[in-house]
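The values are calculated or read from the model by the stated rules, or taken from the named source; none is laboratory data. Keep in mind it's a predicted model, so treat the numbers as computed, not measured. Here the Cβ is made from the backbone with ideal geometry for all residues, glycine too, and neighbour counts use every protein chain on show. Keep in mind that these areas ignore ligands, DNA and RNA; they rest on the heavy atoms of the full protein, side chains included. Shrake-Rupley method; radii C 1.70, N 1.55, O 1.52, S 1.80 Å.
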Amino acid sequence: MLTTSLAAPPAPLSSRRRWTVLAVCALSMFLVGVDATIVNVGLPEIGRGLGVGTRGLEWVVDAYTVAMASLLIVSGALADRLGRRRIFRTGLLVFGLASLVCALAPSLGVLVAARAVQGIGASMLSPVALAIVVNAMPDPRERARAIGVWASVFGLSMAAGPVTGGALIGAFGWRAVFWINAPVVVIALVLVALFVPESRGERARRLDLPGQLLLTLVLCLTVGLLIEGPRIGWASPVALAGYALTTVATACFVRIELRREEPLMDLGLFRRPPFVTAVLGATAVFVALNVTLLLSTLYLQQARGLTPLAAGAVTLPLALGATVCAPWSGALVGRLGPRRPLLLAGGFTTAGGLCLVGLDGDTGVPLILFAFLLIGIGFGFANAPLTNTAVSGLPPSRAGVAGAVTSTSRQVGVAVGIAVAGGLVAGADPAGLAAATRPGWLIVAACGLFLLVAARTARPRS
């Protein structure tokens, strides 16, 4: 009997199976998104429980985001090489085990270390799950609908995070926000085993370990200086040494990446002004979002005395605006191009930030709700046109890398936003907290103005 060494291509998945794969992968995206916002609303309780101040609390969030941001690209490369389902399952397992350690953490140091490990697991979920979905959806129209659903999940996770976190903390204490991850991870692991097929990239990229190490070092140094700068002094010898080391590490990273045949980050993309503007715009959007979330969490709970559940409920207009406008933005990009959605994103974000520049201890709740709605609408309109601007005009071989860099820039925005917002209010007592937040709302407005600039570089639909 004649045999051949060529394997038959895998049979296409049924329609029900394809959408089941999307549901399973979207669950991971929901988990990653919820974990950021659910922890954010619990920071004051975590601080009281572990006896730490605002600066330590910043590390609880940023240890997670820095680890995830620095490893997103290499996780995608590993998935293409070793198998996407395998890396996805590994990410779920790492995320779940780290969540258990977070729930049992006896000190801030253990909690921060476990959050960093959580970030490592999260880096294996979001980009890898999206690659699984794209591979499972060969029809372009069906794939576009699936990606639209995928984008909307993030808005839903924002809505669920603060309210769910507030309810869990009110009923069971802050450790419950980590315990809740365990059953979700178990369910996801079972569903992946049952429904998600294995897939690999057509051509696996080489791993760039020197580039990976230097990128991680640059991100850690940058965020560390932003968080610790107010304490150590911006012009202290330690800070000056940090600036020098960050500069040297960045220069080494650029030099290595330019010389490698298959670099971790394709720096040639940064010669395209629309791509640079899109990356900076994605960073600005997430700076604005996380400045808003952290400042509002601290202000509402510490200055206004709201419970975690009530503070989470106040952020619902932000999540509602994002959830409604994210799919609408995608439709507008497809019909009109990215420029108009970016103009809307910039306008609404700027208006929302300006609404709160006079915040004080007696500011009316309706004004706060309205400002959060405006910022949420701006956030919802921003993501689709920025991603479109980043990848438009690129061949498929470079579009994936461009998307990965944009995803990384979003996580950098999370880390920077938390660090900047925390630096503004570190050391402020409850009576002075409202005034301490005011520069933060100007930063939110400035991020919105930058989106208006980004709209000018976006290509109109031809």
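Using a 10 Å cut-off on Cβ atoms, rank the peptides 51-59, 413-421, 183-191 from the highest mean neighbour count down.
Details: 51-59: 19.6, 413-421: 26.9, 183-191: 16.1.
Averaged packing, sorted descending, gives the order 413-421, 51-59, 183-191.
Against the longest alpha carbon principal axis of the chain, how many degrees, from 0 to 90 and to the nearest 10, is the axis of helix 54-82 turned?
Value to nearest ten degrees: 10.
To the nearest Å, what is the center-to-center distance of segment 60-84 and segment 278-344, using C-alpha atoms only?
24 Å
How much length, in nm to one decimal, is gained on full extension between ALA171 and LEU369, taken as 0.36 nm per residue of separation minus their Cα-Cα distance? Each step should come with its number before you reach the end.
On the way: separation 198, 0.36 × 198 = 71.28 nm, distance 2.50 nm.
Stretched out fully, the ALA171 to LEU369 stretch lengthens by 68.8 nm.
Measure nothing fancy, just the Cα-based angle from helix 209-232's long axis to the longest principal axis of the chain, in degrees from 0 to 90, nearest 10.
10 degrees
Test of understanding: what is the full-extension gain from ALA310 to LEU207, defined as 0.36 nm times their sequence separation minus their Cα-Cα distance?
On the way: separation 103, 0.36 × 103 = 37.08 nm, distance 4.63 nm.
So the extension gain works out to 32.4 nm.
Which whole-Hz couplings ³J(HN,Hα) result when phi for each residue of segment 364-371 is put into the Karplus expression 6.51 cos²θ - 1.76 cosθ + 1.60, θ = phi - 60°, listed in order with x for Gly and Pro?
My calculation for segment 364-371 gives x, 4, x, 5, 5, 4, 5, 4 Hz in order.
Given points 7 Å out from each Cα along the Cα-Cβ axis, report the LEU258 to ASP360 separation in nanometres with one decimal.
Between LEU258 and ASP360, the simple spin-label model gives 5.4 nm.
Between helix 339-355 and the chain, what is the angle of the helix's C-alpha long axis to the longest principal axis, kept within 0 to 90° and rounded to the nearest 10?
Once rounded, the angle reads 20 degrees.
Efficiency by 1/(1 + (r/R0)^6): what FRET value for ALA182 and ARG17, r their Cβ-Cβ distance, R0 = 30 Å, to the nearest 0.05? If you can, show how the numbers build up before the last one.
Values: r = 27 Å, r/R0 = 0.90.
After rounding to 0.05, the efficiency reads 0.65.
How large is the accessible surface of GLU198 in square angstrom, using a 1.4 angstrom probe and rounding to the nearest 10?
Here the accessible area works out near 70 Å².
Return the calculated 222 nm mean residue ellipticity for the chain, to the nearest 500 deg cm²/dmol, obtained by summing -39500 (n - 2.57) across DSSP H runs with n ≥ 4 and dividing by the residue count. All intermediate terms of the calculation are to be shown ahead of the outcome.
Values: 18 runs with 364 residues, N = 462.
Value at 222 nm, helices only: -27000 deg cm²/dmol.
Given a 1.4 angstrom probe, what's the average accessible area per residue across the chain, in square angstrom? Working shown, then result.
Numbers: 19320 Å² over 462 residues.
In whole numbers, the chain has 42 Å² accessible per residue.
At ALA235 and ARG271, where each label point lies 7 Å from the Cα along Cα→Cβ, what is the point-to-point distance in nanometres?
A separation of 4.1 nm, rounded to one decimal place.
Give the carbon-plus-sulfur fraction of the accessible surface of the chain in %, rounded to a whole number; probe 1.4 Å, heavy atoms of protein chains only. Kindly include the intermediate steps, with their values, before the conclusion.
On the way: 13260 of 19320 Å².
About 69 percent, which is the carbon plus sulfur part of the accessible surface.
What are the semi-axes of the equivalent ellipsoid of the chain, taken as the square roots of 5 times the eigenvalues of the Cα gyration tensor, listed largest first and rounded to whole Å? Present the calculation step by step, with values, prior to reporting the outcome.
On the way: eigenvalues 229, 121, 114 Å².
Equivalent ellipsoid of the chain: 34, 25, 24 Å, largest first.
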